[in-house]
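*Asks:* Supplied in structure tokens, the structure appears directly below.
Derivation of every value follows stated rules applied to the coordinates shown; laboratory data play no part. Keep in mind that what you see is a predicted model, and the values were worked out from it rather than measured. Note that we place each Cβ from the backbone using ideal geometry, even for glycine, and neighbour counts take in every protein chain shown.
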Amino acid sequence: MHDFLNWLVQAVGTMGYSGIMFLMFIESTFIPLPSELVIPPAGYLISQNQMSWAGVLASGTIGSVFGALFNYALAVFLGRPFILKYGKYFGISLKHFQKGEEFFQKHGHISTFIGRLILGVRHYISFPAGLCKMNLMEFCFFTAFGAGLWVWVLAYIGYFVGNNQETIFEVSRKWSVYIIIGCVLLVISYIIWQKRKQNKDR
């Protein structure tokens with residue numbers, strides 16, 4: 001594993017920012033490539049003055065957005081017609097689907113942002129957004145916002161931890177807990193804000 005990590009660091013260094021973009025594109029689709037194996041080596045290379053913070057953050061975020069758009073397009077052009085035609089056989093009625101659309105039209109921004117920060121969700125949050133045809137500009141903005149934050153966290157870890165995989169995964173798990181706590185607080189604040197907004201509109 002140590003040899004593999006050394007190879008990965010060298011590979012990221014050789015491929016440069018375009019390599020980070022390509023690997024994060026893959027990571028952001030449904031292919032199980034952990035971002036913890038891509039960005040921390042780049043963070044380590046930042047500490048060695050072989051890469052820049054701006055380049056790593058930009059390439060990692062752009063790759064993530066392109067991967068998310070790939071999933072979004074799959075959901076729009078393949079998943080949506082399938083759900084509308086065969087969803088009733090799986091207990092998904094047109095009424096249920098329309099409710100899902102309404103939810104993502106109203107709350108897709110916070111759902112997309114939070115989804116990009118949660119392990120096991122960030123790879124798939126683009127599918128419901130695509131199925132419900134969430135506003136594309138909002139989808140890209142909040143995907144970039146969430147992905148950029150996660151890329152920064154992983155680069156920060158790699159910058160200070162180096163290329164020790166066990167330590168990287170241990171620290172990233174701790175950060176994931178902090179992020180989940182932050183997401184819970186954000187959701188609570190969002191719900192309170194929505195209720196106050198509804199009361200004002202009445």
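*Asks:* Arranged from highest to lowest average of other beta-carbon atoms within 10 Å per residue, in what order do the peptides 185-197, 138-150, 33-45, 116-128 appear?
*Replies:* Output ranking for 185-197, 138-150, 33-45, 116-128: 33-45, 138-150, 116-128, 185-197.
*Asks:* I've got another one for you. Mind scanning K95/K195; K133/K197; K106/K200; K106/K133; K95/K197 and naming the pairs with a C-alpha gap bigger than 19 Å?
*Replies:* Going by Cα-Cα distance, K95/K195; K133/K197; K95/K197 fall outside the 19 Å limit.
*Asks:* Could you compute the net charge surrounding F113? Neighbours are other residues with a C-beta less than 15 Å from the C-beta of F113; K and R count +1, D and E count -1.
*Replies:* Local net charge: +2.
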